[in-house]
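Comments concern the structure below.
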Amino acid sequence: MFENNFEFDSEQLRQRYNPEGSKLRHDQLELLQMLKRVDAICKENNIQWWLSSGTLLGAARHKGFIPWDDDIDIVMLRKDYRRLEKILLKMEDKEFILHSMRSDVEYVNCFGKYRKRDGVIESKNRCHKYYKWRGIGFDIFTIEKTSYFAAKAASTIYGNIQHLTSYIRWGVVRKPLIRLIQVLCLGIIFPILRLIGLINPRGEYHYSLGQGWAKHTFFMKNTMPLKTAEFEGEQMPVPHDMDAYLTLVYGNWRAIPGDEAIKRCIHNQEYIAQIYGTTK
């Protein structure tokens, strides 16, 4: 347990970054409704998930979105994601889609994104413009039991390759090259690294290979059994020791970062323009 006594003015932060009626606040609430849809599907199919990264930080520090946060991050075990992926891809949903390598050959992330089929959001991601769907959505990460070395090696290899693909513009070359990269990484390199990752004396869990953020270490003793915490007036699943997880990832997670650091956290160029008056 921890005491959520914080030295900041919540209302002042809200008025600065996501006041009611702003585009950012509108999209935050839309993401919340999308999350509730996925939560209902997970409950129906006995799939466990929990808030992670900045979304978990928001729940602990703000009881909702971090005022400047423009996405949602959730996480689940890799085996559970495989089940969820099959369920979502079989659904004939005309409004939402699980955006993944299985649904879009040009999607280059190793994690899924539950997003709206319609609409276009502006993103700093250079690969974003090539995606089949570019509507608002949130990330579904997975974790697996592996070593830091394996997670770091996979993130470095795939991250560099992913960066290079952003410069390939010709579809006749781009699509087959991306597919080849996926086959090499998912079918050969990652399985080898998973074998190496079995040397894991501390029993660490990391984001699944290729998803990045190798420094984020999960320990089941801090995670399970899950509990719930308030998030925008809803009760959402979280690790049972939020303080241990957040301290491991962020250090002093109770402190509000400076304005420049906040600006770097915002993904959508439109939100940056509304808050700061410029995208630079």
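Here are the numbers for this structure:
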item: Burial ordering of H163, H216, fewest other beta-carbon atoms within 10 Å first; result: H163, H216
item: Calculated from backbone phi, Karplus (6.51, -1.76, 1.60) coupling profile of the stretch 29-38 in Hz, x at Gly/Pro; result: 5, 5, 4, 4, 5, 5, 4, 5, 5, 5
item: Percent RCO, i.e. relative contact order, over the stretch 45-124, from Cα pairs under 8 Å lying at least 6 residues apart; result: 21
item: Overall form of the stretch 41-111 per C-alpha gyration tensor (a/c, 1.5; a/b vs b/c); result: prolate
item: 5 angstrom amide H check on N268, placed H, neighbours 5+ away; result: none
item: Where labels lie 7 Å past Cα in the beta-carbon direction, separation of K263 and R82 in nm; result: 4.5
item: Cut-off 14 Å between beta-carbons: net charge of the residues surrounding Y250, Lys and Arg +1, Asp and Glu -1; result: 0
item: Trypsin sites (Lys or Arg not before Pro) within the stretch 43-113, DSSP loop, no more than 13 other Cβ atoms inside 10 Å; result: K94, R102
item: Distance between modelled label sites at E230 and E11, nm, 7 Å Cα→Cβ extension; result: 1.6
item: Mean ellipticity per residue at 222 nm, deg cm²/dmol - from DSSP H runs of n ≥ 4 across the chain, formula -39500 (n - 2.57); result: -13000 deg cm²/dmol
item: For the chain, size of Cβ-based charge dipole, Lys and Arg +1, Asp and Glu -1, in debye; result: 1320
item: Cut-off 14 Å between beta-carbons: net charge of the residues surrounding F111, Lys and Arg +1, Asp and Glu -1; result: -2
item: Low-density loop cleavage sites - trypsin sites (Lys or Arg not before Pro) in the stretch 142-184, where at most 10 other Cβ are within 10 Å (DSSP); result: R169
item: Cleavage-rule hits (trypsin sites (Lys or Arg not before Pro)) in the stretch 191-222: DSSP loop, at most 13 neighbouring Cβ within 10 angstrom; result: R202, K215
item: Neighbourhood net charge (10 Å Cβ-Cβ; Lys/Arg +1, Asp/Glu -1) for R134; result: +3
item: Over 19 Å (Cα to Cα) - which of K152/K215; K63/K227; K23/K94; K36/K113 fall in this group; result: K23/K94
item: Cα gyration tensor shape for the stretch 154-233, rounded if a/c is under 1.5, else prolate or oblate; result: oblate
item: DSSP-defined beta bridges in the chain - what % are antiparallel, rounded to 5; result: 75
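We did not get these values from a lab; they are worked out from the coordinates using the rules stated. In this text, all values refer to a predicted model and were calculated from it rather than measured experimentally. Please note: Cβ atoms are built from the backbone with ideal geometry, for glycine as well, and neighbour counts cover all protein chains shown.
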